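Student: Please read through the structure below; I'll follow up with questions.
The values are calculated or read from the model by the stated rules, or taken from the named source; none is laboratory data. In this text, all values refer to a predicted model and were calculated from it rather than measured experimentally. We place every Cβ from the backbone using ideal geometry, glycine too, and count neighbours over all the protein chains shown. SASA here: full protein model, heavy atoms, side chains in, ligands and nucleic acids out. Shrake-Rupley method; radii C 1.70, N 1.55, O 1.52, S 1.80 Å.
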Amino acid sequence: MEAESRKTMARLNPNFQRFSEPVRSLSGGQRQSGAIARAVYFNARILIMDEPTAALGVHETAMVADLIKELK
């Protein structure tokens, strides 16, 4: 499962390296990246996001915006 996670995250967020960390220790943007990566892994055709950048910092918001553009 980790190999698949690495492959999917490399496509969406190549700088992500914290694969052995628990999700609770990740930043908000990293958690959003993980949620989007999960949808991509399961070949979701539609991804509905309700305020995906709410409560995120400037850097994390930019990261999520970049992911959304990549998926588009």
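Student: Just for the Cα atoms in the chain, what are the lengths along the principal axes, largest first, rounded to whole Å?
Tutor: Computed over the chain, the largest-to-smallest principal extents equal 29, 29, 18 Å.
Student: Taking only DSSP H segments of four or more residues, each worth -39500 (n - 2.57), what value at 222 nm results for the chain once the sum is divided by all its residues, to the nearest 500 deg cm²/dmol?
Tutor: That comes out to -17000 deg cm²/dmol.
Student: Another question, if that's okay. At 1.4 Å probe size, with the rest of the protein present, what percent of the exposed accessible area of region 1-66 is carbon and sulfur atoms?
Tutor: C and S fraction of accessible area: 52 percent.
Student: Can you sort Asp50, Asp66 by 1.4 Å-probe accessible area, starting with the largest?
Tutor: Greatest to least solvent exposure: Asp50, Asp66.
Student: Moving to a separate point now. How about the chain: which chymotrypsin sites (Phe, Trp or Tyr not before Pro) there are in a DSSP loop, with at most 14 other Cβ atoms within 10 Å of their Cβ?
Tutor: Answer by residue number: Phe19, Phe42.
Student: May I ask you to give the solvent-accessible area per residue for the chain, in square angstrom, as obtained with a 1.4 angstrom probe?
Tutor: In whole numbers, the chain has 75 Å² accessible per residue.
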